[in-house]
Every structure is written in C-alpha cells, then in structure tokens.
Amino acid sequence: MKRNLLFLLLTLFAACAFFSPHARGDERKRLLIINSYHDGAPWAQDIINPVLYDISTRDNFYAPEVIYLNNTLIHNHEDFSVMEEGLFKKFSNRKPDYLVLVGNFSFTLRDRIVKEWGNVPMLLICQSAEYGSQEFYYTNASTEADSETLRPLQELQGKFNFSIVHIPNLYEQTIDLMRHIFPEMRKLVFVADGLYINRYLDHEIRSYIRSNYQSMEYEWLVASDSSSEQLQQYLLSKDYNTGLLLSTWFYERMTIHGYPQLIAGDAHLIKSVRHPVFGLREAYFSYGIAGGTFPSPEEFSVQLKAGLSDLISGTDMSKIPFRKVEKKVTILNYEKLEQCGVSEKDCPQDAVFINKPKTIWEQYSIVIIFAIITVAALTIVAIVVLFFQRRKIEILDQAREKAMESDRLKMAFLANMSHEIRTPLNAIVGFSRLLPKTKDPEKQARFVETINMNNELLLKLIGDVLDTAKIESNTLDIHKEQTDVNKVLESAESTVRFRLRKGVGLVLKLGAPDCIVFTDSVRLRQVIVNLLTNAIKFTEAGVITFGYEKRKDELYFYVRDTGQGIPPDKIDLLFTRFTKLDNFAQGNGLGLSISKSIVELVGGKIGVESEGLGKGSLFWFTLPWPG
C-alpha cells in the first residue's frame, strides 16, 4: 500500500515537472510597467495603453503587467518603504525581463531593482530629463524644486542599463498662448497638486512670469480639501482675465474607515463650466480644457515605439541616446472657446481645432460631387443631342459644302467641350479625394479653394452651352426692366477683380452719376462680364479700362485692354460661334458669340477694334438710349 502511494506521488511530481513552463522549454519574456501615478491619471494611460497593445501582439511574451505606485500617497520614508517592500515581494517569484518606467518617481527604485532583479534593461518615459534625491519625490515635500537641486539623468546612464523618452511640459508656450487669446489676462492660477513635478513647475512658471509678464499676478492653487472650494469659485467666475492652467489635480482624503482615498472629481467640473481652462497635457481634453501647446502626439508615438523596440531587442540600453519629443502642436477646443466668446480669428493661425462643427462641404461632399458629375454628364448628353439635331437640319437646309464646314467646326467644338468639361471635373474629383486624407488646415483651405474655382468654371461652361442652345432654337428670353447701369457695372467689377493677373490693373469709368435704361439687367451684366473675362484672359500686363458713354440716341459701352491684340485677318471670326483664335487659352469659344446674340436681341450693336498683335484691343457695344 505504501509502495503504491509512493509510486503515485512520484508520478504526479514527474507530470508536474513535465508540464511546467521550464520543462516545455517556454522562453517567453516578462515585461513589467511601473507607473509612478495611479490608474486614474489620463497622461499615464496614454503611455501605458500603446505599450500594452504592442506587447500583447507578440508571441514570445507573457501578458504584460502594470503596477501603480500611487506617488500622490507617498509623503515620507515610511510610506516609500511600505510601497517598495510590497512591490518586490509581489514579484519575488516573477522576475521581469524588461521594465517600462512611467514618471521620474519610479526611477527612484533603480538601486533596489538592480539588487533584486539584476541588470534588467529599463525604458523611462518622463516629463523631466533630471533627477533628484528620494525625498524630492515625496508629495508635498518641503524639498526645494528648482534646477539647482536636480542633476541630469545623463550622468546615471553609464551606471544603470536604461534610456529615456522625454516628453517635456510646454508651460512657456501654453502661457504665451493664453495671453495671445486673452490679451487682458492679468492673473495666472496654476491649478496643480503637490507632486514633485508640480513643485518644480511652480518654480519655473514663477520665474517665467517674472521675466516676461512683470505685471501679471501668479498663484499656485495646491490640490486639497480646503482648496477645492476655491477652485470651484474660479471655475464659476466669468472673469476671463484670470487664466487657469491645469496640471495633475489629485489629493488625499481619509475615508470613514480611516483609509486614504484619492480625490480627482473637482477637475471634472471643468467640463460643465464656461470658464476656459488650459492644460499641460493633451490627455486633459477628457476633463474639458480649452486647449494648450503640447508635445506632438505623432512624434511621441514614433519615439515610444522606437524606444520599446530597443528595449525588447536585447540592445544595451545604456548605449541608447536619450530621446526627446521636440515637435510642438497647439490644440484648441473650438466648442469651449466659442462658449467663452472667442472666435477662431483670435487664435494662432497654426492652431489645430477639435470639436469644430463640420462645414456644409464636409457634411455633404459626396452628394455635391455626385450632383456635379450628374450635371456634367447630362450636359454632355445635351450637347451631343443638340449637335446631332442641328447637324441634321443643316444638311437638309444648306448646300453640301457649307454643311461640311459646319460639321468640321462642330466636331472641333464637341472635342473642345469634352476637354473643357473634363478639366474642371478632374480637378473637382481629384482634390475632393485628397481633402479627407489631409489634416493640414492650409492644405484643406487650398484644396477647397481649387474645388470652388473649378465649380465656377463648370457652371459657367454649362450656362454658356444652355444659352447657345436657346439661341439656336430662338428661345433665349429677354426680360426688360428699369436698370441702373452704374450698379450693373460695379457688380461686374467686383465679380472679375479677383481673376486679374498679378500686375494688371482694372479701371471703371462711369459715364454719368446716374443712368437708368430700360433693358435686361441680367443679360447686360452677362455681356459686360464676358468682355471683361476675355480681356483678362489675354492681358498679362498693363491695365483694363471699361465703362460707358452717353451719346445722342445710344449708350456706348467699351472694354479696352493692353493685351496681346488681334491680327486684322482674324477680327471677323471673333463673334463666330464655336470659334477660338487661341486653342491654348482657357474657354469654350462661346462667350463672344453669346454676347453678340444678346446685344442684337435688345436692339444694339457689338464690335471690336485692334491695331494688331501686341497693341491691345477695344471691344464695344451699344444699347438704345432715349436721350
């Protein structure tokens, strides 16, 4: 019986040994994250979560573990010793192979780490590239927190197997940003708890304000039960000349059971009040801050990934250069600033906005693009139908030779129209696809401007084709009314002025203080704009002058330019439909022929004068005038 029992025990022991990780040759590694703060600190979570995700995708690692040191609760040597012993006791049988340390406080364990776990490689992600004594990191400690009490971390790299990713606090740039948006800001309140980093920042901010904003008051509102009410008063105040700058805001309160509890709820009031609060970390947008200048999240992601790659690749971390997030980005909460009456034009031009309402284009871009493509397709179909109908009529009514010439012109017109439609349409579709893929505000504005310009070209082209169709079928409507000529010309000037080339002037000469004529105001403006557009197209330098004169029985309108001029043998072709003298110039060859038809329909005449190439042109037309 005893022998059987002994055999059974030996069998069980052998089975356990066989199925243990070491017996199976399990070579998976352990990565431990030691966080100086607690699990409610949003800045630390922005570091921890990417590390957890990266390691969880690797087959040769155990699931990574996170330890929170709760630095806010460490006030003295006794608190520190309790925390330290608890940490190393917890991992006495699970020695980590790699360490990611979040916050400078965690690096105070370096000597004990080496003693317990050997020369384990470490990656420190920190807000400061300096270190102080152990006492310096106690919360609410009396140790001075200035640059004279700190030493560069660089001098420790040869003694310990570590490197760092430095994410600086950009307090100077954020204070400048606050003053830019609120030029009358006369007081800065630094809303922060008693952590070591905030004691250091308090000293630095005081010095910065003393050097750059001598007339500005400064207050450090330290997180505590007693200061909680004062924070609420600041948040509820409508005095925007008192600026609030938020760092970490946690403080200790004893529960009814006699245990310490961390309080952070006061900071969440920021979301529900209108007073703008700026922050030192992008993660504080979850609290409802108005904005700030922060280390670039994109660059930090790259630096963190590179540092983590070095850590787990077996590289000697003591030889890895320190990394620092150099690029800065200003991010503003559009919705919060709008509540405070701050407009976008009061903010820096390079600022990136969040919570900004979408424009009509952003909401309906796909619908707009589809509508434009549909209109363009229908226009092409209409052009083709019009062309074939007109061709059939001309074959029946005209001699063979004239019909063949007309056929050639219209085929050229159709080919030209196909090109003219595709050109703006390609630009609209191309830049519309690029628009959602860029976050650069300057590029977005440039793309939208290009899309709008090509929309106008396409609509002008469609309008010309439809007018030509109406003229061909004798259905172009003329609606005469009392028309203020001066207002029509001034409207035409404002429409075309932005199209002028650089260095070309535009001069309007009104023939009288007041001039009322009975004609179609819309068609009159269309003719003026067509002639001005034509002049702008062929004038690279000099001036374009336009206006009118009152004559005995007519109004004489003119557009004179200093452009490239017209050869004498080409003048008679200018007002011929479907004709372009310069195939490389933008346009469809319809504008002048349409203008001629309109002027003749209202009882006027139209013509052009030019002394030849390089000597400019004069386009004119007349309208009946009762005198």
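The values are calculated or read from the model by the stated rules, or taken from the named source; none is laboratory data. Just so it is clear, the structure is predicted and the values come from calculations on it, not from any experiment. Virtual Cβ from ideal backbone geometry, glycine too; neighbours counted across all protein chains shown. These accessible areas exclude ligands, DNA and RNA; they are computed on the full protein's heavy atoms, side chains included. Shrake-Rupley method; radii C 1.70, N 1.55, O 1.52, S 1.80 Å.
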Residue that is nearest to residue 484 (Cα to Cα), among those in region 508-522 that are in contact with a Lys or Arg (Cβ under 9 Å, 6 or more places away or on another chain) and either in contact (Cβ under 8 Å) with a residue 40 or more places away in the chain or open to solvent by 70 Å² or more (accessible area, probe 1.4 Å) (or both): 515
Looking only at region 556-575, and only at residues there that are touching a residue at least 40 places away in the same chain (Cβ under 8 Å) and of a type in the set (Val, Ile, Thr), the one that is surrounded by the most Cβ atoms within 10 Å (Cβ to Cβ): 559
Residues (more than 45 Å from the chain's Cα centre (by Cα) and surrounded by fewer than 14 Cβ atoms within 10 Å (Cβ to Cβ)) located in region 474-507: 474, 475, 477, 478, 479, 480, 481, 482
Some residue of region 292-301 being open to solvent by 60 Å² or more (accessible area, probe 1.4 Å) and either at pLDDT 90 or above or under 18 Å from residue 47 (Cα atoms) (or both): yes
Only listed residue being in contact (Cβ under 8 Å) with a residue 60 or more places away in the chain and basic (Lys, Arg), chosen from 319, 356, 328: 328
Count of region 302-355 residues which are open to solvent by less than 60 Å² (accessible area, probe 1.4 Å), more than 30 Å from residue 157 (Cβ to Cβ) and in a loop (DSSP other than H, G, I, E, B): 6
Pairs where the first residue, in region 231-243, is on the phi < 0 side of the Ramachandran plot and the second is part of a helix (DSSP H, G or I) and not polar (S, T, N, Q), C-beta under 6 Å, 6+ apart: 231/266; 235/269; 243/178
Check on residue 25, at pLDDT below 80, on the phi > 0 side of the Ramachandran plot and surrounded by fewer than 17 Cβ atoms within 10 Å (Cβ to Cβ): yes
Single unsatisfied condition, residue 513 versus (1) out of contact with any strand residue (DSSP E or B) (no Cβ under 8 Å at 6 or more places or on another chain); (2) at pLDDT below 90: (2)
Where residue 525 falls short, out of the listed (1) touching a Ser or Thr at 6+ places or on another chain (Cβ under 7 Å); (2) open to solvent by less than 70 Å² (accessible area, probe 1.4 Å); (3) within 30 Å of residue 384 (Cα to Cα): (2)
Conditions (1) over 39 Å from the mean Cα position of the chain (by Cα); (2) over 30 Å from residue 385 (Cβ atoms); (3) among the hydrophobic types (A, V, I, L, M, F, W, C); (4) open to solvent by less than 90 Å² (accessible area, probe 1.4 Å); number of the one not met by residue 532: (1)
Among the residues listed as 605, 550, the single one being at pLDDT 90 or above, open to solvent by 40 Å² or more (accessible area, probe 1.4 Å) and more than 30 Å from residue 387 (Cβ to Cβ): 550
Residue count, region 160-198 (criterion: more than 22 Å from residue 300 (Cβ to Cβ) and open to solvent by 20 Å² or more (accessible area, probe 1.4 Å)): 8
Test result for residue 207, assigned to a helix (DSSP H, G or I), small (Gly, Ala, Ser) and at pLDDT 90 or above: yes
